[in-house]
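*Asks:* Below is the structure I would like to discuss, written out as structure tokens.
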Number of protein chains: 2
Amino acid sequence: MSTDFLARCAQVVGDANVLIGDDAASYLTDWRRRFSGRARAVLRPGSTAEVAALQKLCVEHRVPVVPQGGNTGLVLGSVPDASGDAVVLSLSRMHRIRSVDPINDTLTADAGCTLLQLQEAAAAQGRLFPLSLASEGSCTIGGNLSTNAGGTAVLRYGNARELTLGLEVVTAQGEIWDGMRGLRKDNTGYDLRDLFIGAEGTLGIITGAVVKLFAQPAGRVTALFAVESPRAALDLLAIARQRCDAALTGFELISDFCLQLVEKHFATLRSPFGARHPQYVLLEISDPESEQHAVTLLEAVASLAFDQGSARDAVIANSLSQSAALWSLRERISEAQAAEGKNIKHDIALPISRIADFIADTDAELQRRFAGCRMVTFGHLGDGNLHYNVAAPAGESDEAFLRQQPAVNLIVHDSVHRHGGSISAEHGLGALKRDEIRRYKSGTEMDMMMAIKRALDPLNLMNPGKVL
Amino acid sequence: MSTDFLARCAQVVGDANVLIGDDAASYLTDWRRRFSGRARAVLRPGSTAEVAALQKLCVEHRVPVVPQGGNTGLVLGSVPDASGDAVVLSLSRMHRIRSVDPINDTLTADAGCTLLQLQEAAAAQGRLFPLSLASEGSCTIGGNLSTNAGGTAVLRYGNARELTLGLEVVTAQGEIWDGMRGLRKDNTGYDLRDLFIGAEGTLGIITGAVVKLFAQPAGRVTALFAVESPRAALDLLAIARQRCDAALTGFELISDFCLQLVEKHFATLRSPFGARHPQYVLLEISDPESEQHAVTLLEAVASLAFDQGSARDAVIANSLSQSAALWSLRERISEAQAAEGKNIKHDIALPISRIADFIADTDAELQRRFAGCRMVTFGHLGDGNLHYNVAAPAGESDEAFLRQQPAVNLIVHDSVHRHGGSISAEHGLGALKRDEIRRYKSGTEMDMMMAIKRALDPLNLMNPGKVL
């Protein structure tokens, strides 16, 4: 049966685009190389019509489908399971920017375009597509939308969902839904768009999208603030939001331990302050007027923060290279902690007003249970999104500590839940957090999600074993 | 059976909150007084638990439910049909602001709170809830969310959907879904929130919401520009967006005929220009810094617009009362056209880049078919949302012309569809546009909407006859 099925797939996409064996291997292993699945084949359609034709074959032959973009996901959402039943449907050949409309401020793209392609196509017309992630050279817009990607610009521009106006989707039945609307307002029925966004390929295959563009800022300036505590960082956030409103485009928390790790593993990166401080905030202003105006705004924020006792010290970058150096202190944390050893990572979100209490409570609970464990806490404080990572106590082996991961996760995620937070801020559920989420979602919510899944994918062919 | 059913309802909410006869009448007639339906009773629960208990009774007795907020809708979405089978479930007794969290920048409210209550509760904490509509003193946040309301601040802050973080919903089965999350990032499964938003009460009953707050602007300044054409208005929009970015909070198109109607029916309102111009743009800047800075920004926009030939003239308000007078020219159009007579209204959205072509094409087609008909065209140009209204030719009776409404709608909405637009930008479908939308939505889209409806409301009890 499988031979017949693959032969029919080859009639749709050509033999060269039905990959098996070694050719398929890189599509079957996840980004962090923690898991390799199996598949009948990797199919690489070249158009939406080919996606639809393949999906119809999968329905006829009851073959599960794992849609895949850049395969940069962190929760095993884009790789198949070990059964070998599924096909991987890679959108990577569909990488055409269909159009840019600078008057409507929209860009229309195939799902397989990389995020970087979209950013560059917008910039070529003098506009900004603000979604920005570490993997932007490899990840695709289809994957970004299927996981409702976050990244560094959410504070000002929102998640991938808020950046999207229209979608093209191949349904589980193999029909093409043309929802490619470039409209700011459209109240004509159920919001199918936002149902497919964030569904991680379990309801259908996103094949194209219309996204919003924005003005490129005229000036962008960065500052590093030294603060007493997470609570003081929140006071600074309130000042910055009030004073800068939408010009506030970055507000990142960095603990002193994170900064020390960066300094230890990157010889050229140094704290700009003479003294140590408990916490730091990287604050970025993007100004439609000028760089000078951005500096003036930042100086006003700093002045208010000192007056109100929210900041202990501050450094404002006075050149692009100084800005880049300050950002490096934040961006190199991931590499610095990897160089230091392995740790247990959590991608969590909290109501911003609960963050200080969450950190205090959870740090204390972890110390009671795992005395001396080291907290690597940083993240997008302005979005309430923390990377709350836990490393082994000094002297203890990483491997021994990593065996405690289920117990650590339970403490952290139960605390997140008690504080009204989310155990997956921007990575999604995939296969990795699929079971864990049942601990925190109500039966009513799970029932509704299951009902929608059955309604749109009654044969359970779309990315089975993910999300639900 | 009905007597038994109502007696059981009275056990839940008390006799005083089961309204029949004259007491129920005002709940059965729509805002524009075009239609009065019938109902077994109007039920007025006082809590989410009571809503759930009533819904369970409705399931048991198979009684359709029409959820109702302020009953200010324009598409017959919140009134029952003529059968008398349904109950109206009014949320008007649930009007408590549950909490305001200025650090998380969120407000939590019962669904029956008026929009004005939310605005005032935010303002009392020095924050802004930006959703703003003509009916804000009467409409409720539950209704705003069920219809994904738009209004005058969408350009900067988005529709009701973009302003909402969390929901509490009583499902069609009478279960309470607690989705009251105050999180900027949360990727843990399907986006149920946005499915209930805009569903017009056909999937469940919104009983509470967590909405986003923003900084109050420090200064707000308005200008009126005179422009040659809708296309010139779009050039001005591009300049203003680039120069002001998020500080641009209003961009409204007013045709000269609209302005003439306002001047004719309001003796105190006058064009600030010495000469007539074909079109005008009302442009508003809201500045986090100061009013003076807003004026400087506006002067820069005007200067660029004159240099590039996009504007013929401009007046910048130099006081709050001048700003208010300019806004009156826009806000009084609805009353002025009502005073002039009846007309055929359309609430449409288009890709912004298609607006000039749409107006030219559709005006011409209407003139060919209905020579001399008068176009009352204005609206939220920055959102692509036009109020594109058609009045009888001078000398012809309104009544005779209104009989042409189906033919006029067909020309306008077919043209909207050809230009990639929406036939309901912000009002929803309700009972009024339910049949018409089938002409413009694909079978694939209608099938998915029907599948979701059956999945979440298999007994078809929720607001039947609306949307689908």
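*Asks:* In the list B:83, B:78, which residue meets the criterion of being of a type in the set (Ser, Thr, Tyr), closer than 30 Å to residue B:4 by Cβ and within 26 Å of the chain's Cα centre (by Cα)?
*Replies:* On the way: B:83 fails: within 26 Å of the chain's Cα centre (by Cα).
Selected residue: B:78, the only one of B:83, B:78 that is of a type in the set (Ser, Thr, Tyr), closer than 30 Å to residue B:4 by Cβ and within 26 Å of the chain's Cα centre (by Cα).
*Asks:* Can you run down the residue pairs with Cβ atoms below 7 Å, 6 or more apart or on separate chains, where the first is in the range A:148-172 and under 21 Å from residue A:467 (Cβ atoms) and at the interface with chain B (Cβ under 9 Å from one of its Cβ atoms) and the partner is surrounded by fewer than 22 Cβ atoms within 10 Å (Cβ to Cβ) and at pLDDT below 95?
*Replies:* Every condition considered, the pairs that remain are A:149/A:133.
*Asks:* Name the residues in the range B:13-33 that are hydrophobic (A, V, I, L, M, F, W, C), over 18 Å from residue B:81 (Cβ atoms) and part of a helix (DSSP H, G or I), would you?
*Replies:* B:13, B:16
*Asks:* In addition: Name the one entry in B:204, B:208, B:198 that is closer than 26 Å to residue B:94 by Cβ, among the small types (Gly, Ala, Ser), surrounded by 24 or more Cβ atoms within 10 Å (Cβ to Cβ) and at the interface with another protein chain (Cβ under 7 Å from one of its Cβ atoms).
*Replies:* B:198
*Asks:* Is it the case, given these coordinates, that residue B:466 is more than 7 Å from chain A (Cβ to nearest Cβ), part of a helix (DSSP H, G or I) and not hydrophobic (A, V, I, L, M, F, W, C)? I'd like the intermediate steps shown before the answer.
*Replies:* On the way: more than 7 Å from chain A (Cβ to nearest Cβ): yes; part of a helix (DSSP H, G or I): no; not hydrophobic (A, V, I, L, M, F, W, C): yes.
Judged against the criteria, residue B:466 is not a match.
*Asks:* Related question: Would you point out which residue out of B:220, B:181 is in contact (Cβ under 8 Å) with a residue 24 or more places away in the chain, surrounded by fewer than 22 Cβ atoms within 10 Å (Cβ to Cβ) and assigned to a loop (DSSP other than H, G, I, E, B)?
*Replies:* Numbers: B:220 fails: assigned to a loop (DSSP other than H, G, I, E, B).
The conditions single out B:181.
*Asks:* Residues of the range B:403-432 being modelled with pLDDT under 95 and out of contact with any Lys or Arg (no Cβ under 6 Å at 6 or more places or on another chain), which ones?
*Replies:* B:427, B:432
*Asks:* With the requirement that a residue be more than 19 Å from residue B:136 (Cβ to Cβ) and hydroxyl-bearing (Ser, Thr, Tyr), what does the range B:50-97 give you?
*Replies:* Restricting attention to the range B:50-97, the residues satisfying the condition of being more than 19 Å from residue B:136 (Cβ to Cβ) are B:50-67, B:76, B:79-89, B:93.
Correct list: B:83 only.
*Asks:* Right, another one. For the range A:124-147, give me the residue count where each residue is within 14 Å of another protein chain (Cβ to nearest Cβ) and either under 30 Å from residue A:347 (Cα atoms) or not polar (S, T, N, Q) (or both). Walk me through how you get there before you give the answer.
*Replies:* If we filter the range A:124-147 for residues that are within 14 Å of another protein chain (Cβ to nearest Cβ), which is where we start, we get A:125-128, A:130-131, A:133, A:143-147.
Now drop any that are not either under 30 Å from residue A:347 (Cα atoms) or not polar (S, T, N, Q) (or both), which leaves A:126-128, A:130-131, A:133, A:143-147.
Matching residues across the range A:124-147 total 11.
*Asks:* Here's something else I'd like to know. So which residues in the range A:434-463 are more than 7 Å from chain B (Cβ to nearest Cβ), in a helix (DSSP H, G or I) and over 24 Å from residue A:84 (Cβ atoms)?
*Replies:* Hits for the range A:434-463 are A:436, A:438, A:439, A:443, A:446, A:447, A:450.
*Asks:* In the range B:99-123, what residues are within 14 Å of chain A (Cβ to nearest Cβ) and under 30 Å from residue B:466 (Cα atoms)?
*Replies:* B:107, B:108
*Asks:* Just checking, does the range A:49-67 include any residue being in contact with a Pro (Cβ under 9 Å, 6 or more places away or on another chain), surrounded by 20 or more Cβ atoms within 10 Å (Cβ to Cβ), part of a loop (DSSP other than H, G, I, E, B) and touching a residue at least 24 places away in the same chain (Cβ under 8 Å)?
*Replies:* Scanning the range A:49-67, I find at least one residue that is in contact with a Pro (Cβ under 9 Å, 6 or more places away or on another chain), surrounded by 20 or more Cβ atoms within 10 Å (Cβ to Cβ), part of a loop (DSSP other than H, G, I, E, B) and touching a residue at least 24 places away in the same chain (Cβ under 8 Å), so the answer is yes.
Table: residues versus (1) touching a Pro at 6+ places or on another chain (Cβ under 6 Å); (2) surrounded by fewer than 23 Cβ atoms within 10 Å (Cβ to Cβ).
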| residue | (1), (2) |
| --- | --- |
| A:350 | no, no |
| A:365 | no, yes |
| A:373 | yes, yes |
| A:380 | no, no |
| A:397 | no, yes |
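*Asks:* Hey, another quick one. Quick check on residue A:425: is it within 10 Å of chain B (Cβ to nearest Cβ) and surrounded by fewer than 23 Cβ atoms within 10 Å (Cβ to Cβ)?
*Replies:* Working: within 10 Å of chain B (Cβ to nearest Cβ): yes; surrounded by fewer than 23 Cβ atoms within 10 Å (Cβ to Cβ): no.
Spelling it out, it is not the case that residue A:425 is within 10 Å of chain B (Cβ to nearest Cβ) and surrounded by fewer than 23 Cβ atoms within 10 Å (Cβ to Cβ).
*Asks:* What are the residues in the range B:39-80 that are polar (S, T, N, Q) and closer than 20 Å to residue B:113 by Cα, if any? Give the derivation first.
*Replies:* Of the range B:39-80, the ones polar (S, T, N, Q) are B:47-48, B:55, B:68, B:71-72, B:78.
Correct list: B:47, B:48, B:68, B:71, B:72, B:78.
*Asks:* It is to be established whether one or more residues within the range B:436-459 are crowded, with 17+ Cβ neighbours inside 10 Å, within 27 Å of residue B:157 (Cβ to Cβ) and touching a residue at least 40 places away in the same chain (Cβ under 8 Å).
*Replies:* No, the range B:436-459 contains no residue that is crowded, with 17+ Cβ neighbours inside 10 Å, within 27 Å of residue B:157 (Cβ to Cβ) and touching a residue at least 40 places away in the same chain (Cβ under 8 Å).
*Asks:* Working only within the range B:158-167, note down all residues that are out of contact with any Phe, Trp or Tyr (no Cβ under 7 Å at 6 or more places or on another chain) and either surrounded by 21 or more Cβ atoms within 10 Å (Cβ to Cβ) or part of a loop (DSSP other than H, G, I, E, B) (or both). First the steps, then the outcome.
*Replies:* Just the residues of the range B:158-167 that are out of contact with any Phe, Trp or Tyr (no Cβ under 7 Å at 6 or more places or on another chain), to begin with: B:158-162, B:164-166.
The answer is B:158, B:159, B:160, B:164, B:165.
*Asks:* Something else: Please pick out the residue among B:150, B:112, B:143 that is crowded, with 23+ Cβ neighbours inside 10 Å, modelled with pLDDT under 95 and either in a helix (DSSP H, G or I) or not basic (Lys, Arg) (or both).
*Replies:* Matching residue, one of B:150, B:112, B:143: B:150.
The values are calculated or read from the model by the stated rules, or taken from the named source; none is laboratory data. Values in this document were obtained by computation on a predicted structure and should not be read as measured data. Backbone-built Cβ (ideal geometry, glycine too); neighbour counts: all protein chains shown.
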